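Novice: Pasting a structure below so you can have a look.
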Amino acid sequence: MASKSGPPPIVYILVVLGVLGGGWYAANRLVDSKIEVPSLPNLVNRGGDEVLLLGDTFSGYSTFRNDEFQAALEAAEIELRYEDEFSQAERAKRLNSGEAELIVTTLDRYLQQQPDGKIVGLIDRTVGADAVTLNTPQYPGLSSLNDLDALVDDARARGEQLSIAYAADTPSEYLAQVLDIRFENFNLSDLRATEVAEASEAWQLAQDPSQKIAVTVLWEPFVTQARQHGHTVVLSSQDAPNAILDVLVASEHYMASNPDELSKLLEVYYRRIDANARDRSGLREQIQTDGNLSATEATVVMDGIDFFTSVEANRWMAADTLPKRMQSTAAVLALSGQLDDVPNDVTELYTSKFISEAVANTRALIALIETDNPELAQFLKGEVKSTTAVTTASTTRVQSAPDIGNLQVRGDVSFATGSAQLDAIGQQTIDRLATEVQEFNAQTVAVRVIGHTSRTGSASLNQQLSQQRAQVVVDRLKSKGVVHTIVAEGKGFSEPLPNISPADARNQRTEIRLVRLNANI
């Protein structure tokens with residue numbers, strides 16, 4: 001994530017990295033209609049009424065370290081101590097033991113660690129601050145995820161193994177898992193995982209040819225540095241803007257024993273977010289100080305983080321946006337072996353009751369400024385972020401755009417023999433793919449649907465059939481709500497799969513290829 005630093009690498013040797021989920025817990029959950037205080041005999045006495053919040057040095061958490069925010073809390077008679085705890089497992093453990101009342105964490109780690117607490121606030125989502133980069137300077141043929149297979153095979157033939165470098169126990173690890181699950185030619189098992197403490201170390205390793213780093217997962221400002229050195233930013237969190245989501249989690253005990261204090265704390269926090277929306281200079285200075293960054297680097301970091309207002313957070317919780325995001329994240333974790341079970345009812349894992357006062361305050365502010373400053377009012381409502389125009393691109397532009405990679409097709413895209421009519425299995429497969437395509441930003445990502453046939457019959461008839469089949473898939477995707485620019489392309493039997501006969505039925509396939517509409521993002 002953006003501008004995150006950690007303890008010395010030796011500390012990470014002691015940390016449980018990427019804890020395997022041991023089944024979804026269901027007992028002792030709080031129910032809004034009947035709140036019971038859990039028995040916590042080992043509560044740590046820190047003295048006074050201090051509230052302990054565990055996090056790390058991620059720039060998205062800078063508000064909690066801000067002096068003005070702390071002063072506002074003191075005025076509200078709340079004493080908050082923010083403490084860096086770089087191990088996600090330890091954060092959950094200390095929340096469970098009663099040592100801490102609150103933690104900030106990413107949604108994937110919340111689902112994976114399964115702490116005894118609920119999400120009570122949404123902090124931010126990264127929209128470009130995190131990215132997967134390809135080491136194009138060292139491997140000139142590597143500019144897309146589709147290039148990895150051949151590169152891995154070439155290295156294997158020489159008795160070598162290529163590497164991927166990322167900061168373990170961070171969103172970088174989760175982003176690598178997303179690519180492993182979603183893309184056909186990106187397989188973590190083909191690469192040696194080089195796990196480091198933070199992105200700066202991964203970036204340094206990528207510049208050392210002896211390390212054979214083909215893929216690096218970075219956060220800003222190192223994403224920008226990688227791009228400037230000729231590395232290919234193949235997929236960023238701007239392309240998948242909801243993949244990395246930061247949340248505030250309160251313990252069951254704190255929610256039950258101090259509900260008014262928790263509500264007030266969230267009210268003060270979101271007031272600060274509203275203030276940052278009016279004047280970003282304070283946040284920029286805080287990020288610059290926290291990360292020891294230049295003013296330019298701090299701006300790049302801040303531009304890659306999209307902070308939730310209370311109104312937008314409430315809307316995510318009230319609608320199906322947060323549940324869908326939680327289910328999608330849990331599915332990635334389950335498919336990658338990090339979670340045994342996807343929760344049956346994710347709505348039990350969060351509550352909006354504690355941000356109601358914050359929402360009322362923001363709405364009052366919106367009413368005051370809406371006439372004179374409609375743009376700010378729109379931002380505070382969260383409408384600037386959620387109501388974005390879809391980029392419309394020409395067929396030529398999409399076909400010439402840089403490839404991201406082919407989506408993993410789980411199931412058969414099957415047609416009746418000699419027909420362009422999808423059968424029932426093919427329809428189900430495309431419907432699942434439609435859901436996956438909608439995970440990506442329609443402003444920066446377009447889709448090429450490429451149809452292929454086996455070598456039976458004339459070239460002209462096969463070309464026509466492959467084009468018709470590709471168009472049928474495009475039409476099905478659009479009918480399922482995909483708003484991205486989608487282009488149908490028929491290849492006939494001109495591009496058979498390697499090492500099999502051109503007449504083999506396996507050549508009858510459909511590729512769902514994502515491309516980047518703006519390679520500079």
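The values are calculated or read from the model by the stated rules, or taken from the named source; none is laboratory data. Just so it is clear, the structure is predicted and the values come from calculations on it, not from any experiment. Neighbour counts are summed over all protein chains in view; Cβ atoms, including those assigned to glycine, are modelled from backbone coordinates with ideal geometry. The accessibility values were calculated without ligands, DNA or RNA, using every heavy atom of the protein model including side chains. Shrake-Rupley method; radii C 1.70, N 1.55, O 1.52, S 1.80 Å.
Novice: Only one of these conditions is not met by ALA250: (1) within 16 Å of the chain's Cα centre (by Cα); (2) crowded, with 24+ Cβ neighbours inside 10 Å; (3) under 28 Å from ASN314 (Cα atoms); (4) not β-branched (Val, Ile, Thr). Which number is it?
Specialist: Evaluating ALA250 over (1) within 16 Å of the chain's Cα centre (by Cα); (2) crowded, with 24+ Cβ neighbours inside 10 Å; (3) under 28 Å from ASN314 (Cα atoms); (4) not β-branched (Val, Ile, Thr) leaves (1) as the failure.
Novice: Among the residues of the range 421-440, write down those that are more than 25 Å from LEU517 (Cβ to Cβ) and touching a strand residue (DSSP E or B) at 6+ places or on another chain (Cβ under 9 Å).
Specialist: GLN421, LEU422, ASP423, GLY426, THR429, listed by residue number.
Novice: Turning to a different aspect of this structure: Restricting the search to the range 177-211, which residues are farther than 28 Å from GLU439 by Cα, assigned to a helix (DSSP H, G or I) and charged (D, E, K, R)?
Specialist: GLU201
Novice: Follow-up. Mind counting the residues in the range 69-118 that are closer than 23 Å to SER352 by Cα, in a helix (DSSP H, G or I) and touching a Ser or Thr at 6+ places or on another chain (Cβ under 7 Å)?
Specialist: Summing the residues that are closer than 23 Å to SER352 by Cα, in a helix (DSSP H, G or I) and touching a Ser or Thr at 6+ places or on another chain (Cβ under 7 Å) in the range 69-118 gives 6.
Novice: Okay, moving on. Among the listed residues LEU73, LEU95, LEU142, LEU122, which satisfies the condition of being touching a residue at least 24 places away in the same chain (Cβ under 8 Å) and under 22 Å from the mean Cα position of the chain (by Cα)?
Specialist: The match here is LEU122.
Novice: For the range 332-377, how many residues are more than 26 Å from LYS264 (Cβ to Cβ), touching a residue at least 60 places away in the same chain (Cβ under 8 Å) and of a type in the set (Asp, Glu)?
Specialist: Final tally of qualifying residues: 2.
Novice: Right, something else. Here is a list: LYS480, LYS491. Which entry is in contact with a His (Cβ under 9 Å, 6 or more places away or on another chain), within 29 Å of THR392 (Cα to Cα) and of a type in the set (Lys, Arg)?
Specialist: Just a single option satisfies the conditions, and that option is LYS491.
Novice: Taking ASN518 and the conditions (1) open to solvent by 50 Å² or more (accessible area, probe 1.4 Å); (2) in contact with a helix residue (DSSP H, G or I) (Cβ under 8 Å, 6 or more places away or on another chain), which numbered condition does it fall short on, given that it satisfies the others?
Specialist: (2)
Novice: Can you tell me which residues in the range 345-378 are open to solvent by 10 Å² or more (accessible area, probe 1.4 Å) and under 22 Å from TYR174 (Cβ atoms)?
Specialist: Result: TYR350, single match.
Novice: A further question on this structure: For the range 493-517, give me the residue count where each residue is touching a Lys or Arg at 6+ places or on another chain (Cβ under 9 Å) and assigned to a loop (DSSP other than H, G, I, E, B).
Specialist: 10
Novice: Still on this structure, I have one more. Output the residue which, of all residues in the range 393-420 that are more than 23 Å from the chain's Cα centre (by Cα) and under 17 Å from LYS480 (Cβ atoms), is modelled with the highest pLDDT.
Specialist: Result: VAL413.
Novice: Does any residue of the range 56-68 turn out to be outside any helix (DSSP H, G or I), more than 18 Å from GLU267 (Cβ to Cβ), of a type in the set (D, E, K, R) and modelled with pLDDT under 95?
Specialist: Within the range 56-68, one or more residues are outside any helix (DSSP H, G or I), more than 18 Å from GLU267 (Cβ to Cβ), of a type in the set (D, E, K, R) and modelled with pLDDT under 95.
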